[in-house]
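Before any comments, here is the structure.
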Amino acid sequence: MGCKTTGLVNLSRNHILAENVHIASSFSRRLKGLIGKACLPPEEAMIILPCNSVHTFFMRFPIDVIFVDKNAVIIHIIEKLKPYKFSPIIKGSYLVIELAAGRIAETGTAVGDQLQLNLMGEIS
């Protein structure tokens, strides 16, 4: 599933958004994303980069979506994006974070928040 990290932290809110993060940066990994997974546990996330829009076709569950710029600042949020939907194209988005539905509300995450990603291993 790509590079695994030690965590994704919202520095502005002092919350851990996800403990286990998978990074999809190759064409095939970005294309597959979360398709085929039965669920996304609250402690997990997927980062897709580069990315400025997502779809949830062939997914079985809704997700929270965070669009982030090159400075790791949140520029757009979509909560509980249902299966078989498209997000808008978000200008200035460098990467997208897909989280379990409800995670944004649980952590109080908002546009303008600063994120930190702690990497462990190679990005693929």
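A few remarks follow.
- Translational D in µm²/s for the chain (Stokes-Einstein at 37 °C, 0.692 mPa s, Kirkwood Rh from C-alpha pairs): 234 µm²/s
- Secondary-structure-derived ellipticity at 222 nm for the chain, considering helices only, amounts to -2000 deg cm²/dmol, per-run term -39500 (n - 2.57) for DSSP H runs with n ≥ 4.
- Computed over neighbours whose Cβ is under 9 Å from that of Asp64, the net charge equals 0, Lys and Arg +1, Asp and Glu -1.
- Exposure proxy ranking, count of Cβ atoms within 10 Å, fewest first, for Lys32, Lys70: Lys70, Lys32
- Alpha-carbon centroid distance for the pair region 52-110 / region 22-51, whole angstrom: 12 Å
- Proxy reagent accessibility, fewest Cβ within 10 Å first, across Asp64, Asp113, Asp69: Asp69, Asp113, Asp64
Readers should treat all values here as calculations from the given coordinates under stated rules, not as data from a laboratory. Treat the numbers as computed from the prediction; the structure is a model and nothing was measured. Neighbour counts run over all protein chains shown; Cβ positions are idealised from the backbone, glycine included.
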